[in-house]
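Chemist: The structure is given below, and queries will be raised subsequently.
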């Protein structure tokens, strides 16, 4: 049996399809943290999770105060033969330049957790850019460049702040899984939360401070558990730019 369509009907169907396609393309995209940058031009984007089926997760650490627990964290990473991404606060680096240099010497990746400790959401665009530049100059003075990843010194996402960081030429970097480590509880609950919620492409955030004594234990057990599940642990640049990971020179 043959079906004959009138030419005018074909044109109507074609026109309707094109209209629907244009409407779809014009729809505003809902902002998701899991934005993946273009691999060809390294366009600056907001990072927090990679859409992937590969068993890989990136370990990141926020460092704003303390000089003891971080040494244990570095030791756990050394024992596991892993490199991670550390977000360092500028004021912390001024007080602990030797520790910042140790992180660099061990080939870990460094991002900025603000130079000051004031929330970016309370600052003007000029103040945010100035804060980042101050942090970049400090990192450069201790032998680390270039600065690629910036995490605001507050535990929340703000679209305006992310846009300012992006327009300044850096990757605003958040996370998709937080390690809920508390000073008043043991490591089992935090480890259970991580193991129950982790998925491929996650950027995991571990807080580091001297009152969070369990952070190294949670990290050690989490790495062990995920290695048994055949997960890899790339740094942020390796996770998002697997074809181009030589992003800085090690002094």
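The values are calculated or read from the model by the stated rules, or taken from the named source; none is laboratory data. Computed from a predicted structure; not experimentally measured. Backbone-built Cβ (ideal geometry, glycine too); neighbour counts: all protein chains shown.
Chemist: In the range 166-192, what count of residues is obtained for those that are more than 30 Å from residue 146 (Cβ to Cβ) and either under 19 Å from the mean Cα position of the chain (by Cα) or touching a residue at least 24 places away in the same chain (Cβ under 8 Å) (or both)? Let's see the steps before the verdict.
Modeler: Initially, the range 166-192 is screened for residues more than 30 Å from residue 146 (Cβ to Cβ), giving 180-192.
Okay, now just the ones that are also either under 19 Å from the mean Cα position of the chain (by Cα) or touching a residue at least 24 places away in the same chain (Cβ under 8 Å) (or both), so 180-183, 185-187, 190-191.
Number of matching residues: 9.
Results for (1) within 21 Å of residue 104 (Cα to Cα); (2) buried (at least 17 other Cβ atoms within 10 Å of the Cβ); (3) in contact with a strand residue (DSSP E or B) (Cβ under 9 Å, 6 or more places away or on another chain), shown as yes or no for each residue.
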| site | (1), (2), (3) |
| --- | --- |
| 140 | yes, no, no |
| 154 | no, no, no |
| 177 | no, yes, yes |
| 185 | no, no, no |
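Listed here are the residues, each with its yes/no results for (1) on the phi > 0 side of the Ramachandran plot; (2) at pLDDT 95 or above; (3) not in a loop (DSSP other than H, G, I, E, B).
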| site | (1), (2), (3) |
| --- | --- |
| 206 | no, yes, yes |
| 212 | no, yes, no |
| 219 | no, yes, yes |
| 223 | no, yes, yes |
| 227 | no, yes, yes |
| 234 | no, yes, no |
| 243 | no, no, no |
| 248 | no, no, no |
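Chemist: Still on this structure: Here's a check for you: in the range 40-87, which residue that is in a loop (DSSP other than H, G, I, E, B), modelled with pLDDT of 95 or more and within 15 Å of the chain's Cα centre (by Cα) is farthest from residue 135 (Cα to Cα)?
Modeler: 57
Chemist: Does residue 204 fit the bill of being buried (at least 20 other Cβ atoms within 10 Å of the Cβ) and under 22 Å from residue 150 (Cα atoms)?
Modeler: Working: buried (at least 20 other Cβ atoms within 10 Å of the Cβ): yes; under 22 Å from residue 150 (Cα atoms): yes.
So residue 204 fits the description; yes.
Chemist: What's the number of the only condition in (1) within 24 Å of residue 238 (Cα to Cα); (2) under 17 Å from the mean Cα position of the chain (by Cα); (3) in contact (Cβ under 8 Å) with a residue 12 or more places away in the chain that residue 163 fails to meet?
Modeler: (3)
Chemist: Hey, any hits in the range 117-127 for a residue that's free of Cβ contacts under 8 Å to residues at least 60 places away in the same chain, under 25 Å from residue 240 (Cα atoms) and either touching a helix residue (DSSP H, G or I) at 6+ places or on another chain (Cβ under 8 Å) or not in a loop (DSSP other than H, G, I, E, B) (or both)?
Modeler: yes
Chemist: Taking the range 164-187, which residues are part of a helix (DSSP H, G or I), over 18 Å from residue 59 (Cβ atoms) and touching a helix residue (DSSP H, G or I) at 6+ places or on another chain (Cβ under 9 Å)?
Modeler: Passing the criteria: 164, 165, 167.
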